[in-house]
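The values are calculated or read from the model by the stated rules, or taken from the named source; none is laboratory data. All values derive from a computational prediction rather than experimental measurement. Cβ placement follows ideal geometry from the backbone for every residue including glycine, while neighbour counts extend to all protein chains displayed.
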Amino acid sequence: MDERKVKSGDLVLPGDYLGVIEEYFPGDGVKEENGELYAVRAGRVVIDQERMEISVEPVTDTPPLPKVGDVVIGRVIEVKPQTAIVQIIRIEGRENDREIATSKLAGIHISQVDEGYVDSMLNEFRIGDVVRARVISAEKSPIQLSTKGPDLGVIYALCTRCRTPLVRRGDKLVCPKCGHVETRKLSSMYRKVNL
C-alpha cells in the first residue's frame, strides 16, 4: 500500500491510492475498496475538511453541446425532398474546444431554409456543401437547424459536374473550370469562413 499522503490539488490517475475510509468519506470520482480509497478518474484531488470528504475533479474540459442559438458549421451529407441532413463539424466560436459531445447529425427542414417559399431542396443544398446554420432545437436527435438570415446558408460548394470550388457571382455560383452555373441558399459569408 502506498503510504504517500495526498493533498488537495494533487493530480491523480485512476487506481491511485488516496487514503482510508477512517480519514475521509468517498466523494465524486472516488471509490472505496476494503476500507481504502482510490481514484476512479484522472483529475485533481479536492479535500473538503468540513464534510471530511475526498473527491477527484476532472481536469479535462467537457465536450461542447450545441445549444439553441449556437451557430454551427456543417457538411451536407444527404438531400431529401423535405430535409437536408448535415454533419456538424464545429460550433462557431468554440473552435478550440473538444469535439461535439452528441450525435453530429442535424437536419434543415425545407421550412427553415429561407424566409420565402422554397420549391426544391436540390436548388438550395447539395451533398458536400459546407453550411453555416443556427441551432433552433437541440432537445432530440437529430438537432434542428435553420439557414434563415443573410449570414446563414452555404459557405462553400463544389461544382456538381467537375468538383471544382464554385465562385459567387451575385446570387448564383459559377464554376471557373467548366462554366456550369448553380443555385444555393447562399450565406453572405460565402468563402469567407475558415474551414
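Assess whether SER120 counts as being over 15 Å from ILE77 (Cα atoms) and at pLDDT 95 or above. Considered against the rule, which asks whether it is over 15 Å from ILE77 (Cα atoms) and at pLDDT 95 or above, SER120 comes out as no.
Yes/no matrix, rows are residues, columns are (1) on the phi < 0 side of the Ramachandran plot; (2) modelled with pLDDT under 90:
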{"position": "GLY27", "(1), (2)": "yes, no"}
{"position": "ASN34", "(1), (2)": "no, no"}
{"position": "GLN49", "(1), (2)": "yes, no"}
{"position": "PRO58", "(1), (2)": "yes, yes"}
{"position": "ASP61", "(1), (2)": "yes, yes"}
{"position": "ASP70", "(1), (2)": "yes, no"}
{"position": "ILE88", "(1), (2)": "yes, no"}
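Does LYS140 satisfy the criteria of being assigned to a loop (DSSP other than H, G, I, E, B), in contact with an Asp or Glu (Cβ under 7 Å, 6 or more places away or on another chain) and assigned by TED's automatic domain parsing to the domain that holds LEU122? Judged against the criteria, LYS140 is not a match. Residues that are of a type in the set (Val, Ile, Thr), over 14 Å from PRO58 (Cβ atoms) and surrounded by 15 or more Cβ atoms within 10 Å (Cβ to Cβ) within the stretch 5-46 comprise just one, VAL6.
Checking the conditions here, which among CYS162, CYS175 is surrounded by 15 or more Cβ atoms within 10 Å (Cβ to Cβ), in contact with a Cys (Cβ under 6 Å, 6 or more places away or on another chain) and more than 17 Å from ARG90 (Cβ to Cβ)? Going through CYS162, CYS175 in turn, just one is surrounded by 15 or more Cβ atoms within 10 Å (Cβ to Cβ), in contact with a Cys (Cβ under 6 Å, 6 or more places away or on another chain) and more than 17 Å from ARG90 (Cβ to Cβ): CYS175. Name every residue in the stretch 144-195 that is over 18 Å from ILE85 (Cα atoms) and part of a strand (DSSP E or B), in order of residue number. Once the filter is applied, which keeps residues that are over 18 Å from ILE85 (Cα atoms) and part of a strand (DSSP E or B), the stretch 144-195 yields PRO165, VAL167, ARG168, ARG169, LYS172, LEU173, VAL174, VAL181, GLU182.
Candidates LYS7, LYS31: the one that is in a strand (DSSP E or B), out of contact with any Leu (no Cβ under 6 Å at 6 or more places or on another chain) and of a type in the set (D, E, K, R) is LYS31. Restricting the stretch 135-150 to residues that are of a type outside the set (S, T, N, Q) and crowded, with 21+ Cβ neighbours inside 10 Å leaves a set whose member that is farthest from LEU173 (Cα to Cα) is ILE143. Among the residues of the stretch 118-134, the ones that are crowded, with 20+ Cβ neighbours inside 10 Å and either on the phi > 0 side of the Ramachandran plot or of a type in the set (A, V, I, L, M, F, W, C) (or both) come to 5 in all. Name the single residue, out of those in the stretch 130-144 being modelled with pLDDT under 95 and small (Gly, Ala, Ser), that is nearest to SER111 (Cα to Cα). Per the criteria, the residue is SER137.
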